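**Student:** I have a structure here, written as structure tokens, and I will follow up with some questions on it.
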Amino acid sequence: MVKVNQMAVLQVATITLVVLGSLVQVAKAVNAWDVTTWTPSHATFYGDDSGAATMGTPLSETDQVITFCSFQLEWGGACGYGNLWWRGYGLATAALSDTLLNNGLTCGACFEIKCNITGGESGKWCIQSNPSIKITATNQCPPNFDRPTDNGGWCNPPRTHFDLSLNMFRRLAQTQAGIIPISYRRTRCIKTGGIRFYLGGNAHFNLVLVYNVGGWGDVMKMQMRGTKTGWITMKRNWGQNWESSINYTGQSLSFIVTLGNGQVRVIRNLTPTVWYFKQTYEADTNF
């Protein structure tokens, strides 16, 4: 009798462990912006064939941000990339709902998207000959709390949503659809050349835009060092703009870039000792 009970207890314990193991896996089940299995969502498009509207307010190559007292004027979209042609992203981009953009930390991440032909009435507009597209997250699709989430408030939390450039939307569906059911998953970013750093700001306020990042694409941590300083952890200003108040004049600059999946690249002596603000410097490495 005792043996039977012990066996029963052992079986229950084993089942409990299995269940708990499953719960742990569910708990770890990635955030919406990290899913690597096909996940249902929706997509719309904005702008015209030029893609200008996908880049935020137009800006010159030189100015990224002006800070005046407590007011900050931002250009170049929620990620700060500015002209997406200059940055190498072109039109293969999307604005993400806040649920996906993660307060700008998902900027630079890449996603694969396909139109869901079986996704109801709107699925009839899907172009079956093109199974999927790949895009980089470069902007925010702002919520519209004056509209319900199923009728115009497509980017309201907790919805996941992709607002594509017109060019990319056309590769998935006919524009008559307006909004289409999709499936999406996170994918590796394939970039040409090395990680690039645009050095903005001034001698007392360094504002570094990091872009053209391969691998997981989303920079979660930046560290900066001059030849006369130690490693300084930078503060994220917005999007993928990172700031430091150290004066690095006359010093060669180095960086440590950490992605959301924990991958790290150390870029030593990216610049010579004489370097210039409002210039882009490219590393000889990427993820």
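The values are calculated or read from the model by the stated rules, or taken from the named source; none is laboratory data. Remember, it's a predicted structure, so these values are computed and weren't measured experimentally. In this analysis, Cβ positions are derived from the backbone assuming ideal geometry, glycine residues included, and neighbour counts consider all displayed protein chains. Note: accessible area is taken over every heavy atom of the protein model, side chains too, but ligands, DNA and RNA are not part of it. Shrake-Rupley method; radii C 1.70, N 1.55, O 1.52, S 1.80 Å.
**Student:** Along the principal axes of its C-alpha atoms, what lengths does segment 188-266 span, in descending order and rounded to whole Å?
**Tutor:** Computed over the Cα atoms, the extents are 36, 22, 21 Å.
**Student:** Between Met220 and Lys235, how many nm apart are label points set 7 Å from Cα along the C-beta direction?
**Tutor:** The modelled label-to-label distance comes out at 2.2 nm.
**Student:** Also, quick follow-up: Could you pull out the pairs from Lys114/Lys221; Lys114/Lys278; Lys191/Lys221 whose alpha carbons sit more than 28 Å apart here? If you can, show how the numbers build up before the last one.
**Tutor:** Values: Lys114/Lys221 31 Å; Lys114/Lys278 38 Å; Lys191/Lys221 20 Å.
Listed pairs above 28 Å: Lys114/Lys221; Lys114/Lys278.
**Student:** For a paramagnetic label modelled at 7 Å from the Cα of Val30 toward its Cβ, which residues of segment 123-146 fall within the zone defined by backbone nitrogen distances under 19 Å?
**Tutor:** Flagged as within label range: 132-138.
**Student:** Compare the peptides 36-44, 93-101 by average per-residue count of other Cβ atoms within 10 angstrom and give them in order, highest first.
**Tutor:** Going by the mean number of other Cβ atoms within 10 Å, highest first, we get 93-101, 36-44.
**Student:** For Gln279, list long-range residues whose amide hydrogen, built 1.01 Å from N in the peptide plane, is under 5 Å from its own amide hydrogen.
**Tutor:** HN-HN under 5 Å from Gln279: Leu199.
**Student:** Starting with the highest mean, order 141-148, 110-117 by the number of other Cβ atoms within 10 Å, averaged over the residues of each peptide. Working shown, then result.
**Tutor:** Values: 141-148: 14.0, 110-117: 20.8.
Highest-to-lowest ranking by the protection proxy: 110-117, 141-148.
**Student:** Would any residue of segment 170-210 have its amide N under 17 Å from a label point 7 Å out along Cα→Cβ of Ser245? List them or say none.
**Tutor:** Under cut-off, by backbone N: 201-208.
**Student:** How many percent of the accessible area of segment 168-287 is carbon or sulfur, using a 1.4 Å probe?
**Tutor:** Numbers: 2360 of 5030 Å².
That fraction is 47 percent.
**Student:** With 20 Å as the cut-off, how large is the P(r) tail for segment 150-287, expressed as percent of Cα-Cα pairs?
**Tutor:** I get 55 percent for the Cα pairs in segment 150-287 exceeding 20 Å.
**Student:** Set the Förster distance to 30 Å, then compute FRET efficiency between Trp86 and His204 from the Cβ-Cβ distance, nearest 0.05.
**Tutor:** The calculated FRET efficiency here is 0.70.
**Student:** When ranked by the protection proxy of mean other Cβ atoms within 10 Å per residue, highest first, what sequence do the peptides 280-287, 161-168, 176-183 form?
**Tutor:** 161-168, 176-183, 280-287
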